[in-house]
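The structure appears right after this line, and notes come after that.
Laboratory data are not the source of any read-out in this text; all were calculated from the coordinates shown. This structure is a prediction, so every number in the text was calculated from the model and none was measured. In this analysis, Cβ positions are derived from the backbone assuming ideal geometry, glycine residues included, and neighbour counts consider all displayed protein chains.
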Amino acid sequence: MSEQTTSNLTTAGGAPHGAPQASDAPLGRDDLARLVARDIAPGSFVNLGIGQPTLVSNYLTDEQDITLHTENGMLGMGPVATGDEIDPDLINAGKIPVTELPGASYFHHADSFAIMRGGHLDVCVLGAFQVSAGGDLANWHTGAPDAIPAVGGAMDLATGAKDVYVMMTLLTKDGKPKLVPELTYPATGVGCVTRVYTDQAVFLIAADGVRVRETFGITFEELEGLMEVPLIAG
Amino acid sequence: MLEFKDTVAEAVAGIEDGSIVMIGGFGNAGQPFELIDALLQSGATGLTVVNNNAGQADEGLALLIKEGRVRKMICSFPRQSDSWHFDAKYRAGQIELELVPQGNLAERIRAAGAGIGGFFTPTGYGTMLAEGKETRFLDGKWQVFETPIHADVALIKALTADRKGNLVYRKTARNFGPIMAAAAKRTIAQVSEIVPTGGLDPENVITPGIYVNTIVKVG
């Protein structure tokens, strides 16, 4: 990441609810993870989905005092385990060996999902195939006839957390926006997504429509031209 | 009546063909490999297995599937990079799949153990996993009716048992163990250590012995 991008990101992060702010280039995966991490309120209880959202944990600061939840039964999850720390009884939702932090707790699966389903998590961060303008999420199944479906905890997280942030690229590999008027992939949850972090813009799913909080390497007008979803500036 | 067995073969004896078998574990953590191997050796077949996944690589539940002992899987996440035995059976139409969101899986198991006849939850509303299910608008949200999952047998793994059958687990290997122990008619637990009655602090017991029928020490 260039120094130029860093300074623009810092500016954008410092005024998250102002007018859309352009930066020079689309954000890379790590820059996007850093931005999500910065937006999570201090003291939050957070669940990070498998894949790209896991990167967010690399950028949470001690001062934020964030507690990470993993659906397989733990609060206070620490970084990925290495070397002698690796313990097959201590894994995350992606089945990767992790560590425990002081103050951690363990609980069985029904309690763990009560934490998710009961609205106790402040934020969950998920990947997605598509998000609709109304906040519907598709991230569990492509719907392809030969695909073996697997859902895991995606539907519970999507419907249970107070805020659902999605991290994804704005466009598919063939250039189609993944933020769409209506889902074409099978739904994971209905009206559940509150924010969409992409490499080209951050979108807020608001009562009056989809707001563009900031853009990266693209202007608001260019973004409007790219997408079918009506956009609101700021 | 609580029993202590010397071998895993004795512990799983009497599991009948066609049984509904809950198997603890999330991936490999908490998976009772020795009990599963003994179940495979016992020859029991036509089983319905309840587990979060559908077996990894060439061990445990994956072998039970490979050998054609599992008629139906009830799970949340069958497809993994190393779930090739399940994938092959599924594509060949030789295994039935009931796919359940993980929180519904856990709560349906919990409900069975707690004598609850069903519950409404927002999870899955508006998705293909809720098609055909009763829905109601409750507490400001659309919710889906889900029913309990009962089992004939649960195979679980814990760290330590005492002579009253009380269990404690280890870290994230606890996962489904406590709720499956309550949901099954017969619970068989493999443990790393058995301590005398009074050897566990009652404040720290996770699964009370009332839920446990058979205990075997492994390793």
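Which whole-Hz ³J(HN,Hα) couplings does the stretch A:142-148 yield from phi under the Karplus relation 6.51 cos²θ - 1.76 cosθ + 1.60, θ = phi - 60°, glycine and proline marked x?
In residue order, the calculated couplings are 7, x, 4, x, 9, 6, 8 Hz.
Translational diffusion coefficient of chain B at 25 °C, 0.890 mPa s, Stokes-Einstein with Kirkwood Rh over Cα pairs, in µm²/s as a whole number.
Values: Rh = 17.7 Å.
Answer from the Stokes-Einstein relation: 139 µm²/s.
Quick one: plug the Kirkwood hydrodynamic radius of the protein assembly as shown (C-alpha pairs) into Stokes-Einstein at 4 °C, 1.567 mPa s, and report D in µm²/s.
Values: Rh = 23.1 Å.
My calculation gives 56 µm²/s for D.
Explain nothing, just the number: relative contact order of chain B, from Cα pairs under 8 Å at least 6 residues apart, as a whole percent. Before the final figure, lay out the partial values.
Numbers: 525 pairs, mean separation 50.5, N = 219.
With pairs under 8 Å counted, the relative contact order is 23 percent.
Seen from all sides and averaged, what is the projected area of the convex hull of the Cα atoms in chain A, in nm²? Working shown, then result.
Details: hull surface 54.6 nm².
Mean orientational projected area (chain A, Cα hull): 13.7 nm².
Full-extension gain between B:E96 and B:A114, please, as 0.36 nm times their residue separation minus the C-alpha to C-alpha distance. Could you put the intermediate results ahead of the total?
Working: separation 18, 0.36 × 18 = 6.48 nm, distance 2.71 nm.
Here the segment from B:E96 to B:A114 would lengthen by 3.8 nm.
By count of other Cβ within 10 Å, fewest leading, how are A:D30, B:D6 ordered?
Working: A:D30 13, B:D6 9.
By the 10 Å Cβ count, ascending: B:D6, A:D30.
Name the long-range amide H neighbours of A:L170: under 5 Å, sequence gap of 5 or more, or other chain; modelled H, no Pro or chain starts.
A:D199, A:Q200
Note down the net charge around A:P97, summing +1 for each Lys or Arg and -1 for each Asp or Glu among other residues with Cβ under 12 Å from its Cβ.
Values: positive: A:K95, B:K171; negative: A:D84, A:E85, A:D87, A:D89, A:E100.
In short, -3.
How big is the antiparallel share of DSSP beta bridges in chain B, given as a percent to the nearest 5? Walk me through the numbers on the way to the answer.
Numbers: 11 of 42 bridges.
So the antiparallel bridges in chain B amount to around 25 percent.
Hey, what did the stretch B:1-112 get for relative contact order, percent, Cα under 8 Å, at least 6 apart?
Working: 192 pairs, mean separation 23.7, N = 112.
With pairs under 8 Å counted, the relative contact order is 21 percent.
State the extension gain, in nm to one decimal, for the chain segment bounded by B:T147 and B:R163, taking 0.36 nm per residue of separation less the distance between their alpha-carbons. Don't skip to the answer; put the middle values down first.
Details: separation 16, 0.36 × 16 = 5.76 nm, distance 3.41 nm.
Here the segment from B:T147 to B:R163 would lengthen by 2.4 nm.
Tell me the relative contact order for the stretch A:19-233 as a rounded percent, counting alpha carbon contacts under 8 Å between residues six or more apart. Walk me through the intermediate numbers first.
Working: 465 pairs, mean separation 48.0, N = 215.
Answer for the stretch A:19-233 is 22 percent.
How far apart, in nanometres, would the label points at A:T99 and B:I210 be if each is projected 7 angstrom from Cα along the Cα-to-Cβ direction?
4.1 nm
Around B:I116, under 11 Å between beta carbons, what's the net of Lys plus Arg minus Asp minus Glu among the other residues?
Values: positive: B:R108, B:R110; negative: B:E107, B:E146.
In short, 0.
Determine, for each peptide in A:65-75, B:205-215, B:168-178, the mean count of other beta carbons within 10 angstrom over its residues, then list the peptides with the highest first. Could the numbers behind the result be given before it?
Details: A:65-75: 23.1, B:205-215: 20.0, B:168-178: 26.3.
Ranking the peptides A:65-75, B:205-215, B:168-178 by packing returns B:168-178, A:65-75, B:205-215.
Please identify which residues in the stretch A:180-197 have an amide N closer than 16 Å to a label point set 7 Å out from the Cα of B:K133, following the Cα→Cβ vector.
Residues A:187-190 qualify, since their backbone N sits under 16 Å from the label point.
Compute the FRET efficiency between A:E85 and B:V218 as 1/(1 + (r/R0)^6), taking r as their Cβ-Cβ distance and R0 = 25 Å, and round to the nearest 0.05.
On the way: r = 25 Å, r/R0 = 0.99.
Between A:E85 and B:V218 the formula returns 0.50.
Taking R0 as 25 Å, what FRET efficiency do you get between B:D6 and B:T197 from their Cβ-Cβ distance, rounded to the nearest 0.05?
Working: r = 19 Å, r/R0 = 0.77.
Efficiency, from the Cβ-Cβ distance: 0.85.
Enter the mean number of other protein chain beta carbons within 10 Å of the beta carbon of each residue in B:162-175, as an integer. Intermediate values should be presented prior to the final figure.
Details: counts 0, 0, 0, 0, 0, 0, 0, 4, 5, 12, 21, 8, 10, 11.
The shielding value for this peptide is 5.
What does the charge count near A:V210 come to, summing +1 for each Lys or Arg and -1 for each Asp or Glu among other residues with Cβ under 12 Å from its Cβ? Let's see the in-between values first.
Details: positive: A:R195, A:R211, A:R213; negative: A:D208, A:E224, A:E228.
So the environment of A:V210 carries a net charge of 0.
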